[in-house]
1. May I ask you to list the GluC sites (Glu not before Pro) in the stretch 129-224 that are in a DSSP loop and have at most 14 other Cβ atoms within 10 Å of their Cβ?
2. Compute the Rg to Rh ratio over the stretch 1-141 from the alpha carbon atoms, using the Kirkwood formula for Rh, and round to two decimal places.
3. To the nearest 500 deg cm²/dmol, what mean residue ellipticity at 222 nm is calculated for the chain from DSSP H runs of n ≥ 4 alone, each contributing -39,500 (n - 2.57), summed and divided by the residues?
4. Among rounded, prolate and oblate, which fits the chain when a ≥ b ≥ c are the square roots of the eigenvalues of its C-alpha gyration tensor, a/c under 1.5 means rounded, and a/b larger than b/c means prolate?
5. Between 293, 51, 98, find the one with the highest GNM mean-square fluctuation for the chain; connect C-alpha pairs within less than 10 Å.
6. Under a point-charge model restricted to the Cβ atoms of Lys and Arg (+1) and Asp and Glu (-1), what is the dipole moment magnitude of the chain relative to its Cα centre, in debye to the nearest 20?
7. Fully extended, how many nm does the chain gain between residue 272 and residue 98 (0.36 nm per residue separation, minus their Cα-Cα distance)?
8. Which of the pairs 108/342; 264/319; 92/160; 225/264 have their Cα atoms more than 29 Å apart in this structure?
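Derivation of every value follows stated rules applied to the coordinates shown; laboratory data play no part. Quick caveat: nothing in here was measured; it's all calculated off a predicted structure. Cβ: placed from backbone, ideal geometry, glycine included. Neighbour counts: every protein chain shown.
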Amino acid sequence: MKAAVLETYNNFVWKEVVTPKVKPGEVLIRIKFASICGSDMHIFPGDFHPRTPIPFTPGHEMGGVVEEIGEGVSGFEVGDKVAVDPIIWCGKCPACLRGHYPACTSLKLVGVDLDGGFAEYISVPQHMVFKTASHLPDEHVALVEIYGIGFHANNRAETKDGDSIAIWGAGRVGQVILQAARTKTKSTIFMVDPLDKRLEIAKNHYENVITINPTKENPVEAIKKYTDGKGVDIAFEAIGHAHEFDGVPTPIRACIQSIRGAGKVVVLGLGDDPAPIVFKELIWKEAKIVASRVSHGEFTEVIEHLNAGNLKPEALISKVMHGSQIQQAFELVQNESQNYLKVLLDFSS
């Protein structure tokens, strides 16, 4: 089979490799589409070294069809359209013993810690494979994993109908938080981002979305104005590496300032820099800060909404390129990240 192998950091090679043999309990999947993730963009230059040694085949957002079924596997047939949950947990650490797998102390991901889906085939254990409706476009199946992040964040926030929301960051993660939230609440959602192109994607695809560019106005003041000084029920921070703007609080502090009393802040951004917080502002509101990482069984929830047409995957897809063009695709996202949300790689032909 052909695979995109990261031979050296910053250098993919499209080459012939050994096709995996399906083992007992596994499902061999013919990959149709895989999606480039923000984590992949860190793997590419070696930011995750030594976690991702080279040579290595990344790819943890993928979808395809069942090619072969291993001994002992049930519930699948050749030709089934499926998505792959890349998460591998240990099952033994304190978090796993409590059933909280995203907090596993030795959590691994297919496509991050071991070869992944930027290839024509992959074989994975049955429990990692989720069937989708046959009518779902192949491109959309590859987005199930990132949608899982958005739904998990909303489940961590316990988003319910009537909740108003503010989302800092209108990139990939911010957009799926928005789409997941829209399946749970019809109330106002504020999107905060310095890139108008990303704000327009949110506003053009959903009603009752108010966009705020922090280079033009203070997001906290704007949210307070629109909510008659009350603030929102939930604020999500999905930025990570934030840029500072004069007179504008840092994102997590802005989230705290923008929520109502007893509101919630959910943090997803994986920035390396310290994030200043004035805890007095949180304590006065007796509010909560909750962290959210990867997903926790939300694949089924995501697929139900995709099958029913409740989500808008086309809003996320900026470009589709063949798998053999992976080097160009990564350089494109690396050099023009502001112009692209999800770039999909086509392995179907």
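1. On the way: sites: 139, 145, 158, 200, 207, 217, 221; in loops: 158, 207, 217.
Here the GluC sites (Glu not before Pro) that fit, given the DSSP loop and packing criteria, are 158, 207, 217.
2. 0.98
3. On the way: 11 runs with 91 residues, N = 349.
Computed mean residue ellipticity for the chain: -7000 deg cm²/dmol.
4. Values: a/c = 1.81, a/b = 1.66, b/c = 1.09.
Since a/c reaches 1.5 and a/b is larger than b/c, the shape of the chain is classed as prolate.
5. Fluctuation is largest for 98.
6. Details: 35 positive and 43 negative charges, 174 e Å.
Here the size comes out at about 840 debye.
7. Numbers: separation 174, 0.36 × 174 = 62.64 nm, distance 2.81 nm.
Stretched out fully, the residue 272 to residue 98 stretch lengthens by 59.8 nm.
8. Numbers: 108/342 23 Å; 264/319 35 Å; 92/160 33 Å; 225/264 19 Å.
Distance filter (> 29 Å) returns 264/319; 92/160.
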